[in-house]
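The values are calculated or read from the model by the stated rules, or taken from the named source; none is laboratory data. In this text the structure is predicted, and so the values were computed from the model without any measurement. Quick reminder, even Gly has a Cβ in these numbers, built from the backbone with ideal geometry, and neighbours come from all protein chains shown. To get the accessible areas, we keep the full protein, side chains included, count just its heavy atoms, and leave off ligands, DNA and RNA. Shrake-Rupley method; radii C 1.70, N 1.55, O 1.52, S 1.80 Å.
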Amino acid sequence: MSSTILPTPRKRALLTAALATLALAATASCSSSASPGPAGAGGVQGKKIAMITGVKSDPFYITMTCAAQAEAKAKGISFTADGSAQWDVSVQRPLIDSVGASHPDGLMISPVDTEALTPSLRQIQGSGTKIALVDTSVTDSSVGITRISSDNEKGGQVAADALAKQMGQKGSAIVISVKPGISTTDARIKGFTEEMAKYPGIKVLPTLYDNDLPATAASQIQSTLAAHPDLGGVFAGNTNTGQGVATGLAQAGKQGVVKVAAFDAEPDEITALKNGTLQVLVAQDPAAIGTEAVDQLAAAFAGKPVQASIGTTMVAITKDNLNDPQIAKYVYKAAC
Ligand code: T6T
């Protein structure tokens with residue numbers, strides 16, 4: 001099987017999987033701020049962008065931050081980045097409020113909830129800061145001058161088709177994700193469950209939520225195996241869930257027996273793909289999300305047109321295409 005790129009006008013493409021293996025290593029830590037580089041084009045030099053990610057230590061957001069930082073430097077824009085210690089409104093809100101009080105020219109943010117943080121974001125926007133919603137978003141469409149993310153519902157559909165194939169279109173499957181109320185992972189679950197309905201031989205069990213804690217996902221997998229010995233497949237909704245599911249299956253001695261499609265492609269997931277604990281990774285392009293967000297904010301600073309919505313590429317990675325350079329570039333970094 002060979003992977004095929006589906007070219008689309010807006011970099012929204014989904015590569016279907018083939019099979020290969022790639023060794024990937026993460027490198028030294030990513031600095032969380034950068035002073036401007038050479039004079040930026042478009043009169044944006046000296047502008048300030050602050051970034052707040054969903055979880056600071058998450059390689060998805062590290063990869064996004066590294067790219068945003070580089071793009072800001074190239075444009076002569078000051079850049080600072082921070083993120084929650086964990087996926088929690090009560091942790092992210094103080095970060096948002098303190099960044100808001102500094103009145104940056106632009107704020108790139110991945111809100112950890114579609115509703116709870118909207119009042120803070122409205123207040124920041126009202127005081128003149130331009131907001132780019134990156135990866136996750138909020139229900140209130142008046143928040144943000146641009147929204148940049150993967151097509152998460154499509155990613156869930158691809159995970160369903162890939163997992164059904166791995167399972168031989170029969171048996172029980174379960175979705176484990178972070179928590180309800182996250183725009184991205186909710187869309188993945190929607191896409192996955194709707195697509196899986198096309199496979200009558202597969203029974204999808206009720207979704208479990210791990211609060212983005214790998215240890216919780218590991219124990220949930222083991223208790224699911226105890227209750228459903230016929231469990232044949234798992235859809236893991238993001239990096240930490242993919243990590244935890246891999247750990248839980250290894251602890252239960254079920255690597256490769258229970259098939260897994262997981263979102264994202266951080267180093268531990270790549271390791272699990274290589275050792276056969278995970279079978280398919282739906283990788284996003286967080287670097288493109290970060291770069292596009294800086295570009296859109298820079299356009300806004302310069303009074304140029306801004307694209308309200310940008311979809312970025314996703315890639316289905318398996319053991320057989322991991323050596324393909326066109327695929328390898330989508331593996332996330334654990335540091336810049
Ligand atoms: O899957 C990504 C991101 O797209 C999602 O919104 C939250 O989880 C991740 O950050 C990976 O942990």
- Task: Could you calculate the FRET efficiency of residue 275 with residue 211 from 1/(1 + (r/R0)^6), where r is the beta carbon distance between them and R0 is 22 Å, rounded to 0.05?
- Result: 0.25
- As straight-line cross-link partners of residue 198, the qualifying lysines (C-alpha separation under 27 Å, not fewer than 8 residues apart within one chain) are 154, 165, 170, 179, 190, 254, 259, 319
- Note on the structure: Distance in Å, no decimals, from the C-alpha centre of region 56-87 to the one of region 270-335 is 14 Å
- Item | For the chain, calculated [θ]222 nm from helices alone, where every DSSP H run of n ≥ 4 adds -39500 (n - 2.57) | -11500 deg cm²/dmol
- What's the angle, to the nearest 10 degrees (0 to 90), between helix 214-227's Cα axis and the longest principal axis of the chain? 30 degrees
- Message: Helix 183-196 against the longest principal axis of the chain: what's the angle in degrees, Cα atoms only, rounded to the nearest 10?
- Response: 30 degrees
- Taking a probe of 1.4 angstrom, what is the accessible area of residue 135 in Å², to the nearest 10? 10 Å²
- Message: Quick check: at a probe of 1.4 Å, how many percent of the accessible area of region 210-336 sits on carbon and sulfur atoms?
- Response: 50 percent
- Give the span of region 186-232's Cα atoms along each principal axis, as three whole-Å numbers ordered largest to smallest. 31, 27, 12
- According to a simple spin-label model (label point 7 Å from Cα along Cα-to-Cβ), what is the distance in nm between residue 222 and residue 57? 2.1 nm
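As an exercise, find the ratio Rg/Rh for the chain from alpha-carbon atoms, using the Kirkwood inverse-distance average for Rh. Please report the intermediate quantities before stating the final value.
Details: Rg = 19.7 Å, Rh = 20.0 Å.
Value, to two decimals: 0.98.
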- What accessible surface, in Å², does a 1.4 Å probe find on residue 228, ignoring ligands, DNA and RNA and rounding to the nearest 10? 60 Å²
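Excluding ligands, DNA and RNA, what is the solvent-accessible area per residue of region 17-328 at a probe of 1.4 Å, expressed in Å²?
Details: 11310 Å² over 312 residues.
With all protein chains present, region 17-328 gives 36 Å² per residue.
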- Message: What is the sum of charges, Lys and Arg at +1 and Asp and Glu at -1, for the other residues whose Cβ falls under 12 Å from the Cβ of residue 199?
- Response: +1
- Which lysines have a Cα lying under 27 Å from the Cα of residue 130, excluding residues fewer than 8 positions away in the same chain? 11, 47, 48, 56, 73, 75, 304
- Task: Quick one: which residues, 5+ away or cross-chain, put their amide H under 5 Å from the amide H of residue 260? H built at 1.01 Å from N.
- Result: 234, 279, 280
- For helix 286-301, report the angle its Cα long axis makes with the longest principal axis of the Cα atoms of the chain; keep it between 0 and 90° and round to the nearest 10°. 20 degrees
- Note on the structure: Sorted list, accessible surface of protein heavy atoms, 1.4 Å probe, largest first, for 153, 269, 115 is 115, 153, 269
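So, with a 1.4 angstrom probe, what is the percent of accessible area on region 61-188 that is carbon and sulfur?
Working: 2170 of 4310 Å².
Ligands and nucleic acids excluded, carbon and sulfur give 50 percent.
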- Note on the structure: Extend 7 Å from the Cα of residue 139 along its Cα-to-C-beta direction; within region 175-199, residues with backbone N under 12 Å of that point are 181-183
